[in-house]
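Here is the structure we will look at, set down as structure tokens.
Bear in mind these aren't lab numbers, they're just calculated from the coordinates by the rules spelled out. For clarity, every value in this text was computed on a predicted model and none was experimentally measured. When we count neighbours, we look across all protein chains shown, and the Cβ atoms used for this are built from the backbone with ideal geometry, even at glycine.
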Protein chains: 2
Amino acid sequence: MESPTPTPQAAREQPAREQPAREQAATDAGTVGARVRALREERGLSLSTLARLAGVGKATLSGLENGTRNPTLETLYAVTAQLGVPLTAALSGPAATPTVRGAAVSATLLEVFTEAGATYELYRMRVAPGVGQLSPAHQPGVTEHVTVFAGQLRAGPVDAPLTAGPGGHLRWTSDVPHGYAAIGDEEVWASLLLRYPRR
Amino acid sequence: MESPTPTPQAAREQPAREQPAREQAATDAGTVGARVRALREERGLSLSTLARLAGVGKATLSGLENGTRNPTLETLYAVTAQLGVPLTAALSGPAATPTVRGAAVSATLLEVFTEAGATYELYRMRVAPGVGQLSPAHQPGVTEHVTVFAGQLRAGPVDAPLTAGPGGHLRWTSDVPHGYAAIGDEEVWASLLLRYPRR
DNA sequence: CTTCGCCGTTCCGTTTACGGAACGCTGGCG
DNA sequence: CGCCAGCGTTCCGTAAACGGAACGGCGAAG
């Protein structure tokens, strides 16, 4: 349980799976196909018709829907565009928001902003009461900004933590080890903004 | 026009968006590649390292980032998974969400949180330079919380405005007339959190 | 019953995305 | 200096995704 942080790095810190794990790439192959098929049938379109409208081969669309092919981005876009939905609609279900979880912290990525000088990632974060969670240092210059909605949060560098209640705002540079913990027995709701300066 | 504020109600009143606003289709190969590259670089990873971690060839990742290849879903998934972001983060922002526009302010509703005592609405807000924008008073007890990502923002009650730069945070009670304006000629990017107490 | 049109799947040759192995470049070090 | 380690790009043979053209199945019309 040492995947500690709500940040994406948490995933990376898992040392490695050398195994090129391709079996689980099927995560999407079948699921995406089923979703595309559902979207098509909702509209009363036949496979042949959609293939023609989208400008792809029937074999391609058939294989895509059945999960027997591994579509390219171009193919997927041609199909979803013709269905009138954004590509993301085919990739993630109605409410399948991707979440990073740790011992105490559960964070959902809402937005990624890319600016000239920095990249921002905006998360909605929940911190469960009872246990704390530590995160190792990030790259130099990275800062974290937390706005608390509910509960009492203690967060920041391990040697100088900060606290905030509803409406409160915290900020620290996260190039040192830092942690998150809920004070009391109420779950903390907050937004977490990470700023990665361009290097 | 008289809907000056990014007030949430306006957004919610959109009854039905038949058309899932398409504008943000970041679906061409070049844009996706640039996003992946940004995500990689903000983590301080080299192309070679990421390719090895993700179990894809360097040639594949190079071509993907440069937009000279048309990646497979499997490839894209392997890379984004290793970056710790959902596939949708590389393809675009979150699915089309209602946007409220005014003279200077453009706000996109990201999330709505319903608590026992209050409702929160989280927006991504942009304030164009050159012109300001006023908003009439909200109901009593409503508070606004702004975190600035980029630019210099002046906002708050018209008779006592506050200012903040990148990383800065503003808070005021919005049951009085208040306004937003960018200082200088740089567009302001910020997150806006509105808190509506239960009545 | 036969014919027709359209359905979704399968076959097949072509195109191309794939990974591994080069390549040239740069920066650190003895 | 040369050497080396790591960077990102390019080359190349292979695997597979591609579109077009078959195929069998099924309901409606003749």
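Brief remarks on what is shown
- Averaged over the residues of B:34-42, the number of partner chain Cβ atoms lying within 10 Å of the residue Cβ comes to 4.
- Computed from phi, the 3J(HN,Hα) profile of the stretch A:154-164 under the Karplus parametrisation 6.51, -1.76, 1.60 (θ = phi - 60°) reads 10, 8, x, x, 4, 8, 8, x, 10, 10, 7 Hz, with x in place of Gly and Pro.
- Label-to-label distance, nm, for residues given as residue A:131 and residue A:173 (7 Å Cα→Cβ offset): 3.2
- Nearest-0.05 FRET efficiency for residue B:158 and residue B:187, computed from C-beta distance (R0 22 Å): 0.50
- Amide hydrogen neighbours beyond the local backbone of residue B:172, cut-off 5 Å, H modeled: B:144
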